[in-house]
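Encoded as structure tokens, the structure appears first; notes follow it.
The values are calculated or read from the model by the stated rules, or taken from the named source; none is laboratory data. Worth saying up front: this structure is predicted, and the values here are computed from it rather than measured. Cβ: placed from backbone, ideal geometry, glycine included. Neighbour counts: every protein chain shown.
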């Protein structure tokens, strides 16, 4: 599997380490009263629950043995085909 | 037909003409008391114990492929109960006890071989950790023995004891652990469950759930709708995909684990050996091939095949442990899909939707758990209360904080 790093070009997956689902959004503690159980629920969902799709999956890879940047990759979990990649600091879609 | 010396002798005399299929290829009936989704070891064991222990015979096991086509035929056949934590060890020791009587129970040769598993340690700190784990095992009624370097050398003189980076100092040995013939386990459970009246329905994939009010009352399948008093999922590898059809999001990621077998050799390794400085384990099948594996690939996958970096990593682990395998040729390698849970431990619990029961999250340790998983899941389904040794495997433990994290790496499934 080769990952098309936006900075370095196509590189072997060996150079990267994986963090998982890139669509998760960390809850904002300021948005809800900290005593509210809804906040605990949101953090539970954020930390533990995953869509885990069979198909397109947007995920974080860290190019540790390269440019040392975080990359947002869209990959099909059924066949490992990669549809696109963008740097994490750039907002917007990866594909 | 009951298998025995006499049945083999009789068939030897009549040209092997009297053997019958081991189980019926059942067509689905319109309704059952319990429908178990997933015809792997866990699903079939659950059906068997539901019928045998709890007297519930009107049961169907529905399987999207054929029996033995999934992870039941893809694992590396190791059975053991060498866990540390109180939520795990009694469960796996119960499984070990069931393995010990399995063949007599099922009247099927599952080739259970208690050849021992040796976990090597390479540092003082690792020895202390293994001593602690060995003591925890003994407290739960399992067996363990801490060996020093001299004792390990007597068992396996060919290991690389004086490796410059990871010298072998000793190992933790569980004598009662070993291996079992993986597909014979599912065949044996299938045959025994079938004999007790369970319908085994193959090539029948779940496409959705039947609901009435808020309850689940059956499944939609590629072979029609099937109503059920209770629906039980035992589809590790695909748990998220099936549970999603019931509106659930699970604390699980699916990852691919690769395994390998070499060309056949004369007997060289008579037990199971694990490398303590990397992730590598090896045993020898009765056919002669060395069966080995290591880490999961580490990224979400449903592909049932992995990539080369992990193959290289596994090979390096093998060479660091026993350099003599360097000239061996690989015969086969393959991948299976693991339910990697968020704390590395499984889930046997009622789902938050009434009528649905969940058996999931086995990571890459599901094979050894097969008998106890079936036993405890059947108990939960029949009585609506958890079995004593599986009480910690709750789905809500991630919310309450009662995690069972053997490795202590947190909610990062690819590290478990």
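Please enumerate the residues belonging to segment B:222-246 that are more than 13 Å from chain A (Cβ to nearest Cβ) and either in contact with a helix residue (DSSP H, G or I) (Cβ under 8 Å, 6 or more places away or on another chain) or closer than 13 Å to residue B:206 by Cβ (or both).
Selection gives B:222, B:223, B:224, B:225, B:226, B:228, B:230, B:231, B:232, B:233, B:234, B:246.
Among the residues of segment B:181-198, write down those that are in contact with a strand residue (DSSP E or B) (Cβ under 9 Å, 6 or more places away or on another chain) and surrounded by 23 or more Cβ atoms within 10 Å (Cβ to Cβ).
Hits for segment B:181-198 are B:190, B:193, B:198.
Taking segment A:27-46 only, how many residues are outside any loop (DSSP other than H, G, I, E, B), away from chain B (no Cβ under 14 Å) and in contact with a helix residue (DSSP H, G or I) (Cβ under 7 Å, 6 or more places away or on another chain)?
1
Return yes or no: is residue A:87 surrounded by 15 or more Cβ atoms within 10 Å (Cβ to Cβ) and more than 14 Å from every other protein chain (Cβ to nearest Cβ)?
Numbers: surrounded by 15 or more Cβ atoms within 10 Å (Cβ to Cβ): yes; more than 14 Å from every other protein chain (Cβ to nearest Cβ): yes.
For residue A:87, the condition - surrounded by 15 or more Cβ atoms within 10 Å (Cβ to Cβ) and more than 14 Å from every other protein chain (Cβ to nearest Cβ) - is met.
Are any residues in segment B:58-82 within 24 Å of residue B:357 (Cβ to Cβ), in contact with a helix residue (DSSP H, G or I) (Cβ under 7 Å, 6 or more places away or on another chain) and not in a strand (DSSP E or B), and if so, which ones?
B:67, B:68, B:71, B:72, B:75
Within segment A:47-73, work out how many residues are surrounded by 14 or more Cβ atoms within 10 Å (Cβ to Cβ), more than 13 Å from every other protein chain (Cβ to nearest Cβ) and in a loop (DSSP other than H, G, I, E, B).
Count: 4.
Per-residue answers, yes or no, for (1) modelled with pLDDT of 95 or more; (2) touching a strand residue (DSSP E or B) at 6+ places or on another chain (Cβ under 8 Å):
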| residue | (1), (2) |
| --- | --- |
| B:377 | yes, yes |
| B:380 | yes, yes |
| B:384 | yes, yes |
| B:389 | yes, no |
| B:404 | yes, no |
| B:409 | no, no |
| B:412 | no, yes |
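So in segment B:403-414, with the set limited to residues that are more than 10 Å from chain A (Cβ to nearest Cβ) and in contact (Cβ under 8 Å) with a residue 40 or more places away in the chain, which one is farthest from the chain's Cα centre (by Cα)? Quick ask: steps written out before the conclusion?
Within segment B:403-414, the subset more than 10 Å from chain A (Cβ to nearest Cβ) is B:404-409.
Applying the additional criterion that residues be in contact (Cβ under 8 Å) with a residue 40 or more places away in the chain yields B:404-407, B:409.
Values: B:404: 18, B:405: 18, B:406: 17, B:407: 19, B:409: 22 Å.
Out of the qualifying residues, it is B:409.
Give the residue, chosen from B:346, B:352, B:323, that is within 30 Å of residue B:387 (Cβ to Cβ) and surrounded by fewer than 16 Cβ atoms within 10 Å (Cβ to Cβ). Don't jump to the end; show me each part of the working.
On the way: B:346 fails: surrounded by fewer than 16 Cβ atoms within 10 Å (Cβ to Cβ); B:323 fails: within 30 Å of residue B:387 (Cβ to Cβ).
Step by step, each of B:346, B:352, B:323 is checked, and only B:352 is within 30 Å of residue B:387 (Cβ to Cβ) and surrounded by fewer than 16 Cβ atoms within 10 Å (Cβ to Cβ).
Kindly indicate the residue of segment A:74-84 that is touching a strand residue (DSSP E or B) at 6+ places or on another chain (Cβ under 9 Å) and without any contact (Cβ under 8 Å) to a residue 40 or more places away in the chain and also nearest to the other protein chains (Cβ to nearest Cβ) among those meeting that condition.
Here the residue is A:77.
Every residue in segment A:25-46 that is within 19 Å of the chain's Cα centre (by Cα) and either at pLDDT below 95 or buried (at least 16 other Cβ atoms within 10 Å of the Cβ) (or both), please.
Keep residues of segment A:25-46 that are within 19 Å of the chain's Cα centre (by Cα), which gives A:25-28, A:42-46.
The answer is A:25, A:26, A:27, A:28, A:42, A:43, A:44, A:45.
What are the residues in segment B:175-224 that are under 30 Å from residue B:82 (Cα atoms) and assigned to a loop (DSSP other than H, G, I, E, B), if any?
Keep residues of segment B:175-224 that are under 30 Å from residue B:82 (Cα atoms), which gives B:175-193.
Result: B:175, B:176, B:177, B:180, B:181.
Has segment B:107-124 got any residue that is surrounded by 19 or more Cβ atoms within 10 Å (Cβ to Cβ), assigned to a helix (DSSP H, G or I) and at pLDDT 95 or above?
Checking segment B:107-124: not a single residue is surrounded by 19 or more Cβ atoms within 10 Å (Cβ to Cβ), assigned to a helix (DSSP H, G or I) and at pLDDT 95 or above.
Looking at segment A:1-26, I want the residues that are more than 9 Å from chain B (Cβ to nearest Cβ) and have a partner that is surrounded by fewer than 15 Cβ atoms within 10 Å (Cβ to Cβ) and assigned to a helix (DSSP H, G or I) with Cβ atoms under 9 Å, at least 6 apart or on another chain. Which pairs are those?
Final answer for the pair search is A:24/A:46; A:25/A:46; A:26/A:43; A:26/A:46.
Mind listing whichever residues of segment B:247-289 are touching a residue at least 60 places away in the same chain (Cβ under 8 Å), within 14 Å of chain A (Cβ to nearest Cβ) and surrounded by fewer than 24 Cβ atoms within 10 Å (Cβ to Cβ)?
Residues satisfying the conditions are B:247, B:248, B:258.
If you take the residues in segment B:61-106 that are under 13 Å from residue B:184 (Cα atoms) and surrounded by fewer than 20 Cβ atoms within 10 Å (Cβ to Cβ), which one is nearest to the chain's Cα centre (by Cα)?
Once the filter is applied, the top-ranked residue is B:73.
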